[in-house]
Amino acid sequence: MNLTVKQKQSQNGFLGGPKMAKLLFDKNNIEYEIYIEQCGIRTITIKSNSEIVYEDLLEVYYSLETLLMLFDGQFYPIVSVFEDDVEVTCSWIKRTLPSYNSADFMIGTNNTLIDFSNSLCPHILNKWSDLHNSLDLIHKMVLYCLSSVKMPKDMQFAFMIEAFLGICELVNAKKSDFQLPKVPNKESKLKHYFIAIINRYGNDIFEKEIELNEDEFAQILVNSRNRIAHISSKQGRVFLDGGESVMYLKKLSLLYRVVIFDLLGLDYNLYKGKIIKIVNQINEHEITQRFFKKLM
């Protein structure tokens, strides 16, 4: 049984190349051959000579696809899908969840942090498969927050920042040198956890916010979450508007990817320069510049 999926760059663009990766991946004692070829379009082929059920093949594909999304920062639109020699493109697209369609603010070659042809290997894919299971609803929610679903951006941001409670707890469980802070009575757990995670993983991403007023910055993000979660009025508190929500969805997506890459054992120096370049572009935007003045 084999599966072949072809993808393209959004907005009629072309994916770079030529690039390729080939690996043997073992899942539940079944060996899969995975080929990725990219030159203008990307072709992913997964084969197995074993007797398998179709759901097993799909599980391997989506594990690979979600990892590639973390590398690239986006899902690429489908060109065609073949199961063995039968084309199933239309039915595949119909059953694809909306979370696999990236938001416009995530689309662009500049959002790629890691080149799959240099870093993808069976060890990383195995670790991601296990981590993906541990993340469970957290990763599903992150994908929806970074997708093109018809939802207000401030609502997507609220769910995205909320996900970092679970992310912090996961990091605490998996990294012996990270410890969750003790939260004083009646203070926000999310605020304290978020400050801890950005001090561990987000110094390059939130350098300006930390420099200006880290505590106030974290409080504004919590206010933005609370306003949506509790469906409350302004109550005189500062929160993100729609444009600011987009800017910080982009930054939180970077933070999330940095955390995941660390848990996968990928060296930060492999993509640090790209992080800094993307952050500089976000910081230079007039919306972000206007937000910085709130922290002064």
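The values are calculated or read from the model by the stated rules, or taken from the named source; none is laboratory data. Just so you know, these numbers come straight off a predicted model, no measurement behind them. Ideal geometry is used to build each Cβ from the backbone, glycine not excepted, and the neighbour counts take in all protein chains shown. Note: accessible area is taken over every heavy atom of the protein model, side chains too, but ligands, DNA and RNA are not part of it. Shrake-Rupley method; radii C 1.70, N 1.55, O 1.52, S 1.80 Å.
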inquiry  = When the expected Rg is taken as 2.2 N^0.38 Å, what fraction or multiple of it is the alpha-carbon Rg of the stretch 56-128?
reply    = 1.19
ask   = Kirkwood hydrodynamic radius (Cα pairs, Å) of the stretch 1-148?
value = 15.8
query = So what does log10 I(q)/I(0) come out to for the chain at q = 0.08, 0.11, 0.12, 0.15 Å⁻¹, using the Debye formula with one equal point on every Cα and no solvent?
reply = -0.37, -0.69, -0.81, -1.21
message = Placing unit charges on C-beta atoms (Lys and Arg positive, Asp and Glu negative, everything else neutral), compute the dipole magnitude of the stretch 123-181 about its Cα centre in debye, rounded to 20.
response = 180
task = With 27 Å as the limit, write out which pairs from K153/K274; K27/K274; K150/K294; K150/K208; K27/K140 have Cα-Cα distances beyond it, or answer none.
result = K27/K274; K150/K294; K150/K208
message = Taking every alpha carbon pair in the stretch 1-70, what does the distance histogram look like in 10 angstrom bins from 0, in percent?
response = 19, 51, 24, 6
Reachable lysines from K6, criterion Cα separation under 17 angstrom, eight or more residues apart if same chain = K19, K22, K47, K94
query = If you average 1/r over all unlike Cα pairs in the stretch 113-204 and invert the result, what Kirkwood radius do you get in angstrom?
reply = 15.2
ask   = How long are the three semi-axes of the equivalent ellipsoid of the stretch 80-164, in whole Å, if each is the root of 5 times an eigenvalue of the C-alpha gyration tensor, listed from largest down?
value = 24, 20, 15
Accessible area per residue in Å² at 1.4 Å probe, computed on the stretch 251-296 = 46
query = Any idea what diffusion coefficient the stretch 182-285 gets from Stokes-Einstein, in µm²/s, Kirkwood Rh on alpha carbon pairs, 4 °C, 1.567 mPa s?
reply = 87
key: Given charges at Cβ of Lys, Arg, Asp, Glu: the chain dipole, positive-most of L263, I52, S119   = L263
inquiry  = If the only charges are +1 at each Lys and Arg Cβ and -1 at each Asp and Glu Cβ, what is the size of the charge dipole of the chain around the Cα centre, to the nearest 20 debye?
reply    = 1080
